[in-house]
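Note sheet for the following structure.
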Amino acid sequence: MTSGIANDAGASGSAGITVQTIRVMLVDDHAVVRSGLAAFLLAFDDLDLVGEAGNGREAVRLASQVKPDVVLMDLMMPAMDGAATTRAIREQCPKVQVIALTSFPEDDLVKGALQAGAIGYLLKNVSADELAWAIRAARVGKPTIAPEAQQALIHAATAPRSLGFDLTEREKEVLVLMVEGISNPEIAERLVVSRATVKFHISSILSKLDASSRTEAVAIALQRKLVK
């Protein structure tokens, strides 16, 4: 099967990508998946399997030992997911490139992986040649994103955002106290801030919730479950 990833370099790594022996590490909690990927790597002379990990914690430890060039990272793992593992590996080994390799193109997963430092996001139905090309590209700092992941990013960027999505942590604290019916002077005392600061926060809350009054803001907060 193929994901339809567009590229201008074949398995030989043309189009300006210099082919060298690339050290690859596999991270997936399913042994059968790791076995399949290991067999795939054997088909390419320039791809060298240097380590396998079945969970995130093991992957972080192993990465510092085997020093891979590229990590193929599953995202859905227990205890420590792929995004957290990617972030930890990139923090301790900044030169290591990570390609998220998953079955899921959901918005949050794509954003989480890329924000954690992954250079690529591919689905597990990717063809062998496309995956090999993506590994070579990652080695020289070139990203590869599956079309489904690109669509997820576009959807996340263009989807309408709900009221209150941009409330700051302090504004949420003030909103909780507003819901409890506490007055501005009491809020100022609780949060150890000036009354003017409380008034500023409430004004910002009303604006972000598109509310014309304190009472309406409280009603919106309760209706949309913005506070616990």
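The values are calculated or read from the model by the stated rules, or taken from the named source; none is laboratory data. As the structure is a computational prediction, the values presented were derived from the model and not from experiment. Note that we place each Cβ from the backbone using ideal geometry, even for glycine, and neighbour counts take in every protein chain shown.
A few remarks follow.
- In segment 144-160, residue farthest from residue 24 (Cα to Cα) [restricted to those that are among the hydrophobic types (A, V, I, L, M, F, W, C) and surrounded by fewer than 18 Cβ atoms within 10 Å (Cβ to Cβ)]: 159
- Qualifying positions in segment 161-172 - surrounded by fewer than 19 Cβ atoms within 10 Å (Cβ to Cβ) and in contact (Cβ under 8 Å) with a residue 60 or more places away in the chain: 162, 163
- Selection within segment 131-143 - in a helix (DSSP H, G or I) and either touching a Ser or Thr at 6+ places or on another chain (Cβ under 6 Å) or surrounded by fewer than 21 Cβ atoms within 10 Å (Cβ to Cβ) (or both): 134, 137
- Members of segment 94-123 found to be surrounded by fewer than 17 Cβ atoms within 10 Å (Cβ to Cβ), under 24 Å from residue 67 (Cα atoms) and not polar (S, T, N, Q), listed by number: 94, 95
- Residue 91 being of a type in the set (Asp, Glu), touching a strand residue (DSSP E or B) at 6+ places or on another chain (Cβ under 9 Å) and assigned to a helix (DSSP H, G or I): no
- Filtered residue count, segment 173-220, keeping only those that are among the basic types (Lys, Arg) and either closer than 16 Å to residue 162 by Cα or crowded, with 16+ Cβ neighbours inside 10 Å (or both): 1
- Restricting the first member to segment 83-105 and to residues that are over 19 Å from residue 34 (Cα atoms), and the second to residues that are of a type in the set (D, E, K, R), the beta-carbon pairs closer than 6 Å and six or more apart or on different chains are 105/148.
- Residue check for residue 32: touching a strand residue (DSSP E or B) at 6+ places or on another chain (Cβ under 8 Å), assigned by TED's automatic domain parsing to the domain that holds residue 154, modelled with pLDDT of 95 or more and not in a loop (DSSP other than H, G, I, E, B): no
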